[in-house]
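First comes the structure, then the notes that go with it.
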């Protein structure tokens, strides 16, 4: 209110469970009431920002100086394959439309597709307006079978682009659900650093994050090279960090029995939930100012960490 802002963008959502009433009896309700009175919108980017390659974990990895980073546990079943058929001379037009809509991205490559020449057949009925061929006559047309992939959440855009760019009145296409992992979406991140002693690295993390303390499993007695991280609560990724041969796993909210999973294979370091996500404000600031350079964007100076240490 003092800064006269009309929009608050946060990582953690204000409302985690449903509200039956808003009467100001707790902090959440009072914040909502103030936002309504002062006409302030609130937007939270939580799980989506946790699960992208350039999100919460990326900014933490950058602060830690990690190199050659990748998603620790990629998500599957997010990809779809589109197969369509069009006249040979229109194949380039259709492919470009699909690529412009976001199809055909595989890792660091774009405009990916597979194309096969063939011959399609059809007979236009009385009510048709065929692009080629004649009513009630069987027609054969030289066509290209185009195959490409896309993430499921842009499916409507992909299909709309296909239909607009394709010359046929009725466009034939198939959609397949893929089990492939999408390596730009998932939980946690892993990367490399120059070899460093265990205690030295823990102290470096403590200083970098201004953590009041770091809870960790027993030291292993070897230098740290491979580092796995997960901003927030990451205990569900301990086994994945071990499988990825990380020397240390940095996260928050590790329970007592979770530390036993280290088994002298890895160091589990709990630096705190807030501490592991605190750089997200900088990330959001960078994203917004690049996309909307005319916006007046401010980073909140308020410390909202509810956890204190004696």
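Summary table
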item	result
Cα gyration tensor shape of the stretch 78-178, rounded if a/c is under 1.5, else prolate or oblate by comparing a/b with b/c	prolate
Cα long-axis angle, helix 91-101 against the chain (0 to 90 degrees, to the nearest 10)	30
Average Cα contact separation per residue, the stretch 78-178, under 8 Å, 6 or more apart, as relative contact order %	47
Distance from the stretch 45-88 to the stretch 255-310 (C-alpha centre basis), Å	19
Whole-number percent relative contact order across the chain, with pairs defined as alpha carbons under 8 Å at least 6 apart	19
Alpha-carbon gyration tensor eigenvalues x 5, square-rooted, for the stretch 1-120, Å	45, 21, 14
Relative packing of peptides 289-300, 214-225 - highest average C-beta neighbours within 10 Å first	214-225, 289-300
Gain in span if fully extended, residue 63 to residue 116, counting 0.36 nm per residue against the direct Cα distance	14.4 nm
Label-to-label distance, nm, for residues given as residue 90 and residue 31 (7 Å Cα→Cβ offset)	5.2
Shape of the stretch 128-187, Cα gyration tensor, a/c cut at 1.5	prolate
Fluctuation leader among 47, 286, 125 - the chain, Gaussian network, Cα springs under 10 angstrom	125
Burial ranking of peptide ranges 260-270, 10-20 (average Cβ count within 10 Å, highest at the top)	260-270, 10-20
Contour minus Cα-Cα distance for residue 203 and residue 176 (0.36 nm per residue)	4.8 nm
The chain - share of DSSP beta bridges that are antiparallel (%, nearest 5)	75
FRET E, pair residue 263, residue 236, Förster distance 22 Å, beta-carbon r, rounded to 0.05	0.85
Where N is the number of residues in the chain, Cα Rg divided by 2.2 N^0.38 Å	1.33
Helix-only mean residue ellipticity at 222 nm for the chain, each DSSP H run of n ≥ 4 adding -39500 (n - 2.57), per residue, nearest 500	-7500 deg cm²/dmol
Mean separation of Cα contacts under 8 Å, 6 or more apart, over the residue count of the stretch 139-227: relative contact order %	29
Helix axis angle, 155-165 relative to the chain longest principal axis, alpha carbon, degrees	30
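Here, each number is a calculation from the coordinates, and none is a lab measurement. This is a predicted model, so every value here is computed, not measured. Positions of Cβ are backbone-derived with ideal geometry, glycine not excepted, and every protein chain shown enters the neighbour counts.
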